[in-house]
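**Student:** I'd like to ask some things about the structure below.
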Amino acid sequence: MSLLRLVGRPMLASMFVSGGLSSLREPEAVAPAAEPVAQPVTERVDVLPDRTEQLVRLNGAVQVAAGVLLGIGRVPRVAALAIAATLVPTTMAGHRFWEAEDPQERAEQRIHFLKNLSMLGGLLIAADDTAGHPSLWWRGRHTAHDLRREANLVRRSVHATARPAAAAGHLRARLPA
């Protein structure tokens, strides 16, 4: 693992572990801000809890678990995608700068919104990072190519040895026993 990955992943994950723990411990502090986003989401997705506090806790739990996994480098691509999936509703609920009337508050919320947007970009890059190894798609494509090439070599080898063997068989059949 490169030094950048070794240092960068825990740094990226730290914000989500911290924020997720806060949401797990005190969901009622975040629930009023989450309500405008939580309500439409829970109406469309049946498996999610109906209460906003439970949804905030679930979001926090995913952020903590995925943040720890990303930080220690275990399934980092899946962990980064899981955090990215939780970051979108978190940002939409917590940093609605377009609704703020005070110019100072609007500017602060816009900065936080853009900060979360940049973290989302970092998570998407982390989700695409194969750590220098080819992706599964690439490996599958090249394995199929190698198998086709080897099958062709076997076919040519069988054809090349079959003719002399057949000729030897015909010759042997003509010899007296």
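**Student:** When you scan region 9-34, how many residues do you find that are open to solvent by 70 Å² or more (accessible area, probe 1.4 Å), part of a helix (DSSP H, G or I) and without any contact (Cβ under 8 Å) to a residue 60 or more places away in the chain?
**Tutor:** Number of matching residues: 6.
**Student:** Can you name the condition, by its number, that residue 63 falls short on among (1) touching a residue at least 12 places away in the same chain (Cβ under 8 Å); (2) open to solvent by 90 Å² or more (accessible area, probe 1.4 Å); (3) in contact with a Ser or Thr (Cβ under 9 Å, 6 or more places away or on another chain)?
**Tutor:** (2)
**Student:** With respect to residue 70, is the statement that it is open to solvent by less than 70 Å² (accessible area, probe 1.4 Å) and touching a Pro at 6+ places or on another chain (Cβ under 7 Å) true?
**Tutor:** yes
**Student:** Which of (1) open to solvent by 60 Å² or more (accessible area, probe 1.4 Å); (2) without any contact (Cβ under 8 Å) to a residue 60 or more places away in the chain; (3) over 30 Å from residue 32 (Cβ atoms) is the odd one out, the single condition residue 118 does not satisfy?
**Tutor:** Condition not satisfied by residue 118: (3).
Every residue, every condition in (1) outside any helix (DSSP H, G or I); (2) under 30 Å from residue 91 (Cβ atoms), yes or no:
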position: 117; (1), (2): no, yes
position: 142; (1), (2): no, no
position: 167; (1), (2): no, no
position: 176; (1), (2): yes, no
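**Student:** Within region 73-86, how many residues turn out to be open to solvent by 50 Å² or more (accessible area, probe 1.4 Å) and either in contact with a strand residue (DSSP E or B) (Cβ under 9 Å, 6 or more places away or on another chain) or aliphatic (A, V, I, L, M) (or both)?
**Tutor:** Residues meeting the conditions: 4.
**Student:** I'm checking my understanding of the structure. Among residues of region 59-98 that are of a type in the set (Gly, Ala, Ser) and under 17 Å from residue 5 (Cα atoms), which one is modelled with the lowest pLDDT?
**Tutor:** The selected residue is 73.
**Student:** Go through region 87-112 residue by residue and tally those that are surrounded by 15 or more Cβ atoms within 10 Å (Cβ to Cβ), over 22 Å from the mean Cα position of the chain (by Cα) and assigned to a helix (DSSP H, G or I).
**Tutor:** Matching residues across region 87-112 total 5.
**Student:** Within region 76-86, does at least one residue satisfy the condition of being in a helix (DSSP H, G or I) and within 19 Å of residue 29 (Cα to Cα)?
**Tutor:** Yes.
The values are calculated or read from the model by the stated rules, or taken from the named source; none is laboratory data. Only a predicted model underlies this, so the values are computations on that prediction, with no experimental measurement involved. Every residue, glycine as well, gets a Cβ built from its backbone with ideal geometry; the counts of neighbours run over all protein chains shown. Note: accessible area is taken over every heavy atom of the protein model, side chains too, but ligands, DNA and RNA are not part of it. Shrake-Rupley method; radii C 1.70, N 1.55, O 1.52, S 1.80 Å.
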